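Everything below concerns the one structure shown next.
The values are calculated or read from the model by the stated rules, or taken from the named source; none is laboratory data. Just so it is clear, the model here is predicted, and its values are computed rather than measured. Cβ placement follows ideal geometry from the backbone for every residue including glycine, while neighbour counts extend to all protein chains displayed. We work out accessible area using only protein heavy atoms, side chains counted, and drop any ligands, DNA or RNA first. Shrake-Rupley method; radii C 1.70, N 1.55, O 1.52, S 1.80 Å.
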Number of protein chains: 2
Amino acid sequence: MRDAVPPAAELRRQVANRVLDVYSRYGFEPISTPALENLEVLMGSQGGENEKLIFKVLKRGARLEAAAGQAGAGQAGAGQAGAGQAGAGQAGAGQAGAGQAGAGQAGEADLADLGLRFDLTVPLARFVANHLHELPMPLKVAHVGPVWRAERPQRGRYREFTQCDIDIIGEPSIAAEVELCAATVDALASVGIAGCTVRLNDRRLLRAAVERHLGQVDAGPVYIALDKLDKLGPDEVAGELARAGHDRRAIEGLLAALSAGEDGVPERLWGGATAPVAAAVRRTLEALATMGVPARFDPTLVRGMGYYTGQIFELAHPDVPYSLAGGGRYDGMAARFGAPPLPMCGFSIGFERICEMVDPGRLGPPRPKQVVACTSDEALLDALQQARARRQQEPDLVLSVVRQARNTQKQREDFQRLGYSYSQI
Amino acid sequence: MRDAVPPAAELRRQVANRVLDVYSRYGFEPISTPALENLEVLMGSQGGENEKLIFKVLKRGARLEAAAGQAGAGQAGAGQAGAGQAGAGQAGAGQAGAGQAGAGQAGEADLADLGLRFDLTVPLARFVANHLHELPMPLKVAHVGPVWRAERPQRGRYREFTQCDIDIIGEPSIAAEVELCAATVDALASVGIAGCTVRLNDRRLLRAAVERHLGQVDAGPVYIALDKLDKLGPDEVAGELARAGHDRRAIEGLLAALSAGEDGVPERLWGGATAPVAAAVRRTLEALATMGVPARFDPTLVRGMGYYTGQIFELAHPDVPYSLAGGGRYDGMAARFGAPPLPMCGFSIGFERICEMVDPGRLGPPRPKQVVACTSDEALLDALQQARARRQQEPDLVLSVVRQARNTQKQREDFQRLGYSYSQI
């Protein structure tokens with residue numbers, strides 16, 4: 001987690017406005033959802049590893065007392081009641097003591113009732129179920145806000161970060177994927193980030209490849225390993241799969257097939273039952289090409305979340321080794337919350353990542369900024385009054401009034417660094 | 001907590017942009033801070049009742065396990081360890097079981113390490129201490145974001161809501177109060193909310209009144225009771241103070257003095273040692289009057305937070321019974337985090353409250369919005385491509401493309417309600 005110090009926060013605001021303006025013009029209507037959701041909304045949402053990274057909020061008052069008492073009563077030994085269980089559960093999910101995870105998680109669930117959302121997709125599915133009848137269908141929404149993941153802090157990874165999502169609810173065809181990709185490429189172009197390429201895959205192709213080579217296995221852990229191909233390379237990933245018990249030769253076959261698929265011909269790759277899926281991938285690529293949006297098939301693309309049901313995509317940029325946006329189709333997710341099994345598809349920009357790439361000079365000429373430093377109480381009150389009148393006359397002028405500091409030189413430099421011209425009265 | 005459904009979220013965005021634009025033009029530089037702070041930042045911050053309403057985040061992994069084990073070991077009986085303590089602590093703080101609060105809070109603190117901020121002022125004090133040397137002084141910042149309070153849900157009170165603060169750090173004189181009030185009145189005027197009046201008081205006057213009538217008492221609970229004068233009236237408040245052990249006649253004297261002070265003459269009211277404080281209140285009122293900002297002395301104004309050290313103020317509007325913004329001086333708060341004891345003063349808009357008052361028609365003419373409903377997959381992909389070209393030619397046009405619904409009439413009406421003209425191809 002981190003603070004945004006001037007001028008970073010102003011840049012964020014400008015970038016968010018540009019991006020949202022492009023999305024608005026595509027007809028994506030802004031919505032927002034609360035940061036806290038009931039834990040049962042977030043848990044069991046097929047959020048993959050991210051479900052283990054939820055910040056959980058302690059129950060409050062009598063409910064916490066009751067939960068703790070109950071948890072305690074269920075345990076024979078003293079001193080390990082309630083919270084002791086919880087500790088083991090969290091450890092099981094993330095770091096150690098996996099043997100205790102089952103019982104432990106139940107204990108932790110007793111202590112917490114709310115969680116901070118780890119993405120905007122799961123809350124959106126809940127939103128759609130709650131507001132279905134108030135809204136047009138197909139529904140196109142833009143959804144921006146912070147999300148939280150309890151990761152170990154490391155360079156470039158933050159525990160609180162902002163996602164900027166667009167989603168189309170109720171569109172079953174590739175028109176959804178095509179529009180999401182085109183709108184996102186346009187949104188990034190509006191803040192001067194050109195040259196993005198869509199990488200496209202389909203979860204059903206990935207599953208077919210895994211099943212053909214590794215057999216009927218639990219695909220989740222395999223996806224998690226394959227997702228690291230970019231970062232770790234094929235040897236490390238093969239090692240991880242081998243340690244998980246898969247046959248060495250089968251693993252090599254899978255990795256060879258995935259890398260061979262990079263010639264961009266999805267139909268040839270998996271054949272048989274996946275032919276219609278591969279054909280749809282091809283049609284998406286063609287539609288994007290027609291619109292001038294660079295896109296390519298990438299059979300190694302996995303995406304971290306477990307909830308995807310069809311095409312998945314990321315936005316790559318030659319200047320950075322990570323993707324700027326990621327998304328996919330997650331049909332039916334709102335059914336968990338009582339809605340019909342609607343088609344849903346979304347694309348999420350990693351907002352901090354794009355802000356880091358934006359050149360402020362490309363957002364247009366900066367406003368004139370002036371600061372007036374005053375030497376006395378009287379001068380200060382007078383200047384405040386005059387500044388207010390001047391701002392009304394010059395609607396583009398930024399005019400700040402402050403007391404003159406003892407170290408005038410430092411004050412001048414500090415303000416100049418933020419783009420102000422400095423004068424004294 | 002609640003969702004923002006179209007068009008509410010778009011209105012929020014427009015209002016936030018207008019308000020921040022006014023603040024920017026005054027030289028308030030945007031900053032942001034994370035939603036989660038270490039609990040020790042939030043606790044003991046003199047946040048008054050709000051400290052008891054903090055949403056606390058469970059420790060994670062091995063740390064939670066260790067904390068729970070420790071808490072357990074410290075208790076002899078089974079089944080009430082760790083979390084059992086925590087429950088009592090929370091209950092003590094808010095609803096019941098006050099006798100166990102001391103020990104209980106320690107237990108709860110063992111289980112949680114982070115908390116969701118209950119305001120933006122305490123995080124700002126931490127921010128100032130962390131970034132003092134990177135920034136100009138005096139520093140003027142605009143700080144917008146959600147805050148959380150675990151209140152019982154009730155009409156018009158939400159557990160997640162947005163504050164929009166401006167603060168001046170390093171200005172000891174009333175110039176800070178004057179500029180904060182003028183800028184906030186201008187910000188509200190920019191979204192069509194005119195006719196606001198500043199209510200102004202000073203915590204030191206309030207303290208003098210309490211001490212003169214009730215003697216050397218713990219002023220905190222008295223402030224909390226006086227803060228309800230608006231809502232409950234003098235009889236209920238007198239009853240609450242009497243139940244807290246204060247003398248009936250003394251209470252009546254205090255309430256009479258406060259209500260007599262409403263003639264707007266701060267100097268006459270308390271006399272003696274408070275004369276310079278009262279004179280400063282008068283100068284603030286005069287400076288605001290000179291700038292055309294309506295303001296009046298209100299000796300019954302209290303504000304909920306415990307951290308104020310000088311002038312306090314709220315913004316009243318004739319259309320609503322609650323204040324639209326509240327603030328005050330909280331000199332020295334950043335010293336808790338290792339900074340020098342800087343003067344600090346801030347004003348916070350209750351963002352949801354002002355959004356409810358904004359008439360969207362006053363934010364300027366709406367953009368033209370069109371939606372094209374397509375009957376086939378091919379028409380849809382074609383329309384997506386043509387729409388993209390049209391948006392480039394008409395930079396103000398909102399143009400959405402969707403699949404035609406079976407119930408065309410309902411689809412048309414749903415889109416029209418959001419301001420779209422509807423056509424089919």
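In the stretch B:55-69, burial by the other protein chains removes 20 Å² or more of accessible area from B:Phe55, B:Lys56, B:Val57, B:Leu58, B:Arg60, B:Gly61, B:Leu64, B:Glu65, B:Ala68, B:Gly69, compared with the chain on its own (1.4 Å probe, ligands and nucleic acids ignored). Counting every pair of alpha carbons in the stretch A:308-369, the share spaced more than 13 Å apart comes to 72 percent. Of the heavy-atom accessible surface of the protein assembly as shown (probe 1.4 angstrom), what whole percent is carbon and sulfur? C and S fraction of accessible area: 50 percent. Computed over the stretch A:247-373, the percent of Cα pairs more than 20 Å apart is 62.
Shown in residue order for the stretch A:241-249 are the 3J(HN,Hα) couplings computed by the Karplus curve 6.51 cos²θ - 1.76 cosθ + 1.60 at θ = phi - 60°: 5, 5, 5, 7, x, 7, 5, 4, 5 Hz (x for Gly and Pro).
The label point for B:Asp3 and the one for B:Asn38, both projected 7 Å from the Cα toward the Cβ, are 3.8 nm apart. The largest-to-smallest principal axis extents of the Cα set in the stretch B:190-322 are 47, 33, 27 Å. GNM, chain A, Cα, under 10 Å: largest mean-square fluctuation among A:Thr408, A:Thr121, A:Thr162? Maximum fluctuation in the GNM of chain A, among the listed residues, is at A:Thr408. Annotation for A:Pro221, label-to-label distances across the other copies: 5.9 nm (shortest first, one decimal, point 7 Å from Cα along Cα→Cβ). Of the residues A:Leu11, A:Pro34, A:Ser45, the one whose Cα sits farthest toward the positive end of the charge dipole of the stretch A:1-69, with +1 on the Cβ of Lys and Arg and -1 on the Cβ of Asp and Glu, is A:Leu11. Which residues of the stretch A:272-293 bury at least 20 Å² of accessible area once all protein chains are present, versus their chain alone (1.4 Å probe)? So the qualifying set is A:Thr290, A:Met291.
Under a 5 Å amide H cut-off, with hydrogens placed 1.01 Å from N, B:Tyr322 pairs with nothing among residues at least 5 apart or on other chains. Taking amide hydrogens as placed 1.01 Å from N in the peptide plane, the amide H of A:Asp113 sits under 5 Å from those of A:Val57, A:Lys59, each at least 5 positions away in sequence or on another chain. When the stretch B:251-400 is described by a simple charge dipole with +1 on each Lys and Arg Cβ and -1 on each Asp and Glu Cβ, the residue from B:Ile251, B:Ala289, B:Gly326 located farthest towards its positive end is B:Ala289.
For the stretch B:123-222, averaging the sequence separation of C-alpha pairs within contact (under 8 Å, six or more residues apart) and dividing by the residue count gives a relative contact order of 18 percent. With its label point defined 7 Å out from Cα along the Cα-to-Cβ axis, B:Asp359 lies at 4.6 nm from the matching points of the other copies, in increasing order. Determine which residues of the stretch B:328-348 fall in the zone a paramagnetic label at A:Lys410 would reach in this model, i.e. backbone nitrogen under 18 Å from the point 7 Å along Cα→Cβ. It comes to B:334-335, B:338-344, nothing else.
Residues of the stretch A:334-410: accessible area per residue at 1.4 Å, in Å²? I get 51 Å² per residue for this part. Each copy carries a label point for B:Leu418 at 7 Å from Cα toward Cβ; from one copy, the others' points are 3.8 nm away, ordered from shortest.
For the set A:Met344, B:Met291, solvent exposure ranked by accessible area (probe 1.4 Å, protein chains only) runs largest to smallest as B:Met291, A:Met344.
Within the protein assembly as shown, antiparallel bridges make up roughly 70 percent of the DSSP beta bridges whose residues both belong there. When +1 charges are put on Lys and Arg Cβ atoms and -1 charges on Asp and Glu Cβ atoms, the dipole computed for the stretch B:159-222 relative to its Cα centre reaches about 360 debye. Among B:Arg362, B:Arg199, B:Arg406, the largest mean-square fluctuation in a Gaussian network model of chain B, built with springs joining Cα atoms closer than 10 Å, belongs to B:Arg406. Report the full-extension gain for the segment B:Arg283 to B:Arg296: residue separation times 0.36 nm, less the Cα-Cα distance, to one decimal in nm. Going from the current span to full extension adds 3.5 nm. For B:Ile354, neighbours were defined as the other residues whose beta-carbon sits under 11 Å from its Cβ, and their charges (Lys and Arg +1, Asp and Glu -1) total +1.
Summed over both chains, the accessible area lost when B and A associate is about 8900 Å², using a 1.4 Å probe. Note that the stretch B:213-230 has calculated 3J(HN,Hα) couplings of 9, 9, x, 7, 10, 5, 6, x, x, 5, 4, 4, 5, 5, 4, 8, 3, 3 Hz, one per residue in order, obtained from phi through the Karplus relation 6.51 cos²θ - 1.76 cosθ + 1.60 (θ = phi - 60°); glycine and proline are x. Does anything in the stretch A:352-389 have its amide N under 13 Å from the 7 Å Cα→Cβ label point of A:Ser421, and if so which residues? Only A:367-372 pass the distance filter.
Amide H to amide H, with H built 1.01 Å from N, B:Val144 comes under 5 Å of B:Ile31, B:Asp165, counting only residues 5 or more places away or on other chains. Each listed q (0.08, 0.09 Å⁻¹) maps to a log10 I(q)/I(0) for chain A from the Debye sum over equal C-alpha point scatterers, namely -0.58, -0.71. The local environment of B:Val147, defined by Cβ-Cβ distances under 12 Å, has a net charge of -3 under the rule Lys, Arg +1 and Asp, Glu -1. Can you spot the lysines whose alpha carbon is less than 28 Å from A:Lys369's alpha carbon? Ignore those fewer than 8 places along the same chain. The reachable lysines, counting only those whose Cα sits under 28 Å from A:Lys369, are A:Lys410, B:Lys140. Between A:Asp331 and B:Glu252, the C-beta separation translates, for a Förster distance of 45 Å, into a calculated FRET efficiency of about 0.05. Between the beta carbons of A:Arg212 and B:Glu378, assuming R0 = 30 Å, the FRET efficiency works out to 0.35 to the nearest 0.05. Computed over all pairs of different Cα atoms, the Kirkwood value for the hydrodynamic radius of the stretch A:318-425 is 18.6 Å. A loss of 50 Å² or more of accessible area (1.4 Å probe, protein heavy atoms, ligands and nucleic acids excluded) relative to the isolated chain is seen in these residues of the stretch B:380-425: B:Leu381, B:Leu384, B:Gln385, B:Arg388, B:Arg391, B:Arg403.
Given chain A, what percent of its DSSP beta bridges are antiparallel, to the nearest 5? Of those bridges, close to 70 percent are antiparallel.
Run the Debye formula on the Cα coordinates of the protein assembly as shown, all scatterers equal and no solvent, and tell me log10 I(q)/I(0) at q = 0.06, 0.11 1/Å. So the normalised log intensities work out to -0.45, -1.36. Placing a pseudo-label 7 Å from each Cα along the Cα-to-Cβ vector at B:Ala189 and A:Glu236 gives an inter-label distance of 6.0 nm.
I want the local charge near B:Glu314. Using Cβ-Cβ distances under 9 Å, sum +1 for each Lys or Arg and -1 for each Asp or Glu among the other residues.
Net local charge, B:Glu314 excluded: +1.
For the stretch A:10-31 and the stretch B:1-55, what is the separation of their Cα centres, given in Å? Centre-to-centre distance over Cα atoms comes out at 19 Å. Applied to the stretch A:324-340, the Karplus parametrisation 6.51 cos²θ - 1.76 cosθ + 1.60 on θ = phi - 60° returns per-residue 3J(HN,Hα) values of 8, 7, x, x, x, 9, 9, 3, x, 4, 5, 5, 4, 10, x, 7, x Hz, with x for Gly and Pro.
A 1.4 Å probe run over the stretch A:156-208, with the rest of the protein chains in place, finds 23 Å² accessible per residue. The coefficient of translational diffusion for the stretch B:172-257, derived via Stokes-Einstein from the alpha carbon Kirkwood radius under 10 °C and 1.306 mPa s, stands at 106 µm²/s. A dipole drawn for chain B from +1 and -1 charges on Cβ atoms has a positive end, and of B:Cys196, B:Met344, B:Ser173 the residue lying farthest that way is B:Cys196.
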